[in-house]
Amino acid sequence: MIEIGAQVDLSHPAERVWRALTDRELLGRWFAEAETVEGVADRMLLHTAGLPGFEANVEVEVTERQEPDLLVLACDEAGRLSELTCAVTVTKQGCRLELREVSTHGAWSAEQHDPREQQFRQALTVRLPAILDWLAFQQVDLRRADGGMTAELPLIGVRGKAGRNPRRRRTLVAVVAGAVLVAGTAAWVTLPPDAKPAAAPAPTATASPTVTADRAAVAPTATLSARPSRTTASATTRPSRTPSAKPSRTPASAAPPPPSAPSITARYETESDRLFGYTGEIVVGNPGGAPVTDWAVVVTLAEGTTVDDVDGANWRQDGRAITFTGGAVAAGGSRTISFDVRDSRPKAREPESCTIGGQQCAGL
């Protein structure tokens with residue numbers, strides 16, 4: 001019989017710890033993602049494959065429950081059977097949680113035992129306290145009229161799965177921008193008028209010379225050089241042959257041509273985030289008039305993050321750089337790439353950069 005054990009002292013009530021142990025969504029945030037088994041009560045499937053010390057997903061079934069003190073689970077990991085006991089003991093500072101796993105059929109190898117035990121310890125001492133602090137933060141009640149706060153504040157702020165609220169952010173920006181605009185307008189209205197406005201430059205007039213029938217002198221009204229027109233003794237005046245000023249031979253500097261539209265574009269957005277990761281989305285667009293077959297999006301992840309799953313493109317990883325490729329993008333069409341990222345820190349971090357064809361992706 002082989003045992004694996006870990007324990008932690010927590011500054012939270014036993015009821016809150018019990019909720020973190022039994023709530024499927026919360027369990028997935030501090031230990032492993034879980035899903036219920038349809039048609040079977042008190043049974044879940046933990047997605048532990050790939051975690052240190054685990055070779056496959058673990059199917060668990062509750063065999064004993066004493067809320068909020070004791071939870072016993074029967075575990076099946078690809079035919080290897082074990083029993084996991086979760087004991088909660090009340091202390092002066094909060095409570096103590098102890099996990100103990102005992103193999104009942106089969107055994108863990110030496111290469112599995114230590115990483116598996118380390119995984120339990122890390123989940124209990126790092127991830128679980130962060131989740132409990134986040135739950136405490138949700139219960140904060142700021143009743144100022146009743147004398148201040150009535151619940152404890154968390155030690156660590158963690159974003160929930162709902163992720164960002166771009167609409168709320170845009171509303172806040174609009175309110176601030178409106179306030180700045182009103183203040184600027186009021187300042188402009190109260191400014192005293194300029195006592196000596198600068199006179200606009202007088203336009204240069206160009207006029208034809210005056211011609212009379214009796215050979216009167218020509219009186220030009222502009223500084224342009226112009227020859228006087230010929231006159232005859234007859235009373236009829238011929239039209240002036242005064243040439244217009246010669247155009248300059250120095251050509252005006254040609255305006256730079258407008259930049260050509262890129263043949264392929266990309267936009268990044270964090271679709272959702274969770275305690276130890278997030279889901280990113282990249283939309284590859286083709287604004288041109290012909291399909292684009294050769295394209296690649298390169299995403300550089302933050303240190304300590306890894307890609308877990310990709311949908312909508314082929315991908316390969318080189319260190320922290322992830323390269324996404326795929327089929328042709330039709331003219332005027334687009335392609336959506338969705339990828340899940342795991343982060344070793346409680347507060348998930350977005351990619352450091354995103355490029356397509358050497359150009360920066362929009363939205364990041």
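See the values below:
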item	result
Heavy atoms of Trp315 accessible to a 1.4 Å probe, total area in Å² rounded to 10	110 Å²
Cα-projected label distance for Arg267 with Ala330, points at 7 Å along beta-carbon direction, nm	2.0 nm
Amide H contacts under 5 Å for His12, placed H, 5+ residues apart	Cys95
Potential extension, Ala362-Thr63 segment - 0.36 nm per residue separation minus Cα distance	102.5 nm
Calculated FRET value between Arg342 and Asp294, using beta carbons and R₀ = 45 Å, to 0.05	0.90
Cα→Cβ-extended label distance, 7 Å offset, between Leu45 and Glu352, nm	3.7 nm
Cut-off under 5 Å, modelled amide H: who pairs with Ser272 long-range	Thr279
Residue among Leu51, Val72, Gln122 farthest towards the positive dipole end of the range 41-130, charges placed on Cβ	Gln122
Using θ = phi - 60° and Karplus 6.51 cos²θ - 1.76 cosθ + 1.60, couplings along the range 99-112 (whole Hz; Gly, Pro as x)	10, 9, 10, 10, 6, 10, 7, x, 8, 8, 6, 4, 6, 8
Dipole magnitude of the range 47-100, debye to nearest 20 (Cβ charges: Lys/Arg +1, Asp/Glu -1, about Cα centre)	340 debye
Two-site FRET efficiency, Gln317 against Lys92, from Cβ-Cβ distance with R₀ of 45 Å, rounded to 0.05	0.40
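The values are calculated or read from the model by the stated rules, or taken from the named source; none is laboratory data. As the structure is a prediction and not an experimental result, all values here were calculated from the model. Methodologically, a virtual Cβ is constructed for each residue, glycine included, from the backbone with ideal geometry; neighbour enumeration extends over all protein chains shown. Calculation scope for accessible area: heavy atoms of the full protein, side chains included, ligands and nucleic acids excluded. Shrake-Rupley method; radii C 1.70, N 1.55, O 1.52, S 1.80 Å.
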